[in-house]
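A.B. asks: Questions regarding the structure given below will be posed in turn.
The values are calculated or read from the model by the stated rules, or taken from the named source; none is laboratory data. These numbers were taken from a predicted model, which means no experiment stands behind them. All Cβ positions, glycine included, derive from the backbone under ideal geometry; neighbour counts span all protein chains shown. SASA here: full protein model, heavy atoms, side chains in, ligands and nucleic acids out. Shrake-Rupley method; radii C 1.70, N 1.55, O 1.52, S 1.80 Å.
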Amino acid sequence: MKRSRAILGLALILCIATATAHSEYYSKTKSAVHMKEKVTHLHFFLHDILSGKNPSAVMVARPNRTDDKSPTPFGSLFAIDDPLRTGPEPTSEVIGNAQGLYLSSNQDINQFTIVLYADFAFTTGKFKGSSFGVFSRNPVVEPNREVAVVGGRGKFRLARGFAKVTTAYFNGTNGDAILDYKVTLFHY
Ligand SMILES: *[C@@H]1O[C@H](CO)[C@@H](O)[C@H](O)[C@H]1NC(C)=O
Ligand SMILES: *[C@@H]1O[C@H](CO)[C@@H](O)[C@H](O)[C@H]1NC(C)=O
């Protein structure tokens, strides 16, 4: 009897101790060596269309300057919902979309550069419902450029990597662009 009470008491103390540990806002830090990193390559075309009745990129703010006549003047901010397609043709299959913002960030119009803050999500295939995030400078006038992938969701959880970007089509008059994205993603 005495012994069983002692055990009960001990169990109670242990319970309270555990409860106290659980009430902390942090867990014990453990090694994550068992997590296996994978690599996936993606290839698609981003269609960034400013012209026409249904543009996929719209200017949401711009500085009050009338001297800059470009479709993307320095300081202008665009919201995008750009389709990701399997090819450069406007009729090729849509496999996802890039949603977010880009800012025209270079004062020199000849060095047209954007900073891109966008989430690239897939709506079909193995990666349907998964997305990765780009937060990067994109020097648009350079023929071969690279943007940084800084995170991801779903199958791309904890993604990091980069995308090699080239211009498949660009119209400097209306700003329409079709961009070839070759992405390398490290994720879990
Ligand atoms: C835009 O700039 C012009 C010329 O500097 C000025 O007259 C006008 O008030 C400005 N408009 C706004 C909305 O700030
Ligand atoms: C570029 O856009 C302008 C204005 O919309 C249009 O008139 C012109 O035909 C376009 N050029 C090409 C090569 O598509």
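A.B. asks: Given springs between every Cα pair under 10 Å in a Gaussian network model of the chain, which of THR167, THR86, THR29 has the largest fluctuation?
C.D. replies: Highest fluctuation of the listed residues: THR29.
A.B. asks: Right, another one. Counting pairs on different chains as well as pairs 8 or more places apart, how many Lys pairs in the stretch 36-187 have Cα atoms under 28 Å apart?
C.D. replies: For the stretch 36-187, qualifying lysine pairs total 20.
A.B. asks: Relative to the longest principal axis of the C-alpha atoms of the chain, give the angle of the C-alpha long axis of helix 2-22, reported between 0 and 90° and rounded to the nearest 10°.
C.D. replies: Orientation of helix 2-22: about 20 degrees from the principal axis.
A.B. asks: Count neighbours as other Cβ atoms within 10 Å of each site's Cβ, and list the chymotrypsin sites (Phe, Trp or Tyr not before Pro) in the stretch 41-104 that are DSSP loop with at most 16 such neighbours.
C.D. replies: Numbers: sites: PHE44, PHE45, PHE74, PHE78, TYR102; in loops: PHE74.
Sparse-neighbourhood loop chymotrypsin sites (Phe, Trp or Tyr not before Pro): none present.
A.B. asks: What net charge do the residues around LEU50 carry, taking every other residue with its C-beta under 14 Å from that of LEU50, with Lys and Arg at +1 and Asp and Glu at -1? Walk me through the numbers before you get to the answer.
C.D. replies: On the way: positive: LYS53, ARG62; negative: ASP48, ASP81, ASP82, ASP176.
For residues surrounding LEU50, the net value is -2.
A.B. asks: Further question: Where the accessible area of the chain is counted over protein heavy atoms with a 1.4 Å probe, how much of it, in %, is carbon and sulfur?
C.D. replies: Values: 6990 of 11940 Å².
The value for the chain is 59 percent carbon and sulfur by accessible area.
A.B. asks: Per residue, what accessible area does the stretch 36-187 have, given a 1.4 Å probe and all protein chains present, in Å²? Provide the component values of the computation, followed by the final result.
C.D. replies: Values: 8100 Å² over 152 residues.
Accessible area per residue: 53 Å².
A.B. asks: I'd like to know which of VAL183, VAL39, LEU50 lies farthest towards the positive end of the charge dipole of the chain, counting +1 on Cβ of Lys and Arg and -1 on Cβ of Asp and Glu.
C.D. replies: The listed residue farthest towards the positive side: VAL39.
A.B. asks: In square nanometres and to one decimal, what's the mean projected area of the convex hull around the Cα atoms of the chain?
C.D. replies: Working: hull surface 66.6 nm².
Average projection, Cα convex hull of the chain: 16.7 nm².
A.B. asks: Just the Kirkwood number for the stretch 86-152, please: inverse of mean 1/r across all distinct Cα pairs, in Å, one decimal. Before the final figure, lay out the partial values.
C.D. replies: Details: mean 1/r = 0.0748 Å⁻¹.
Hydrodynamic radius (Kirkwood, Cα pairs) of the stretch 86-152 is 13.4 Å.
A.B. asks: Report the calculated FRET efficiency for VAL39 and ASP68 (r = Cβ-Cβ distance, R0 = 45 Å), to the nearest 0.05. Walk me through the numbers on the way to the answer.
C.D. replies: Numbers: r = 42 Å, r/R0 = 0.93.
E between VAL39 and ASP68, to the nearest 0.05, is 0.60.
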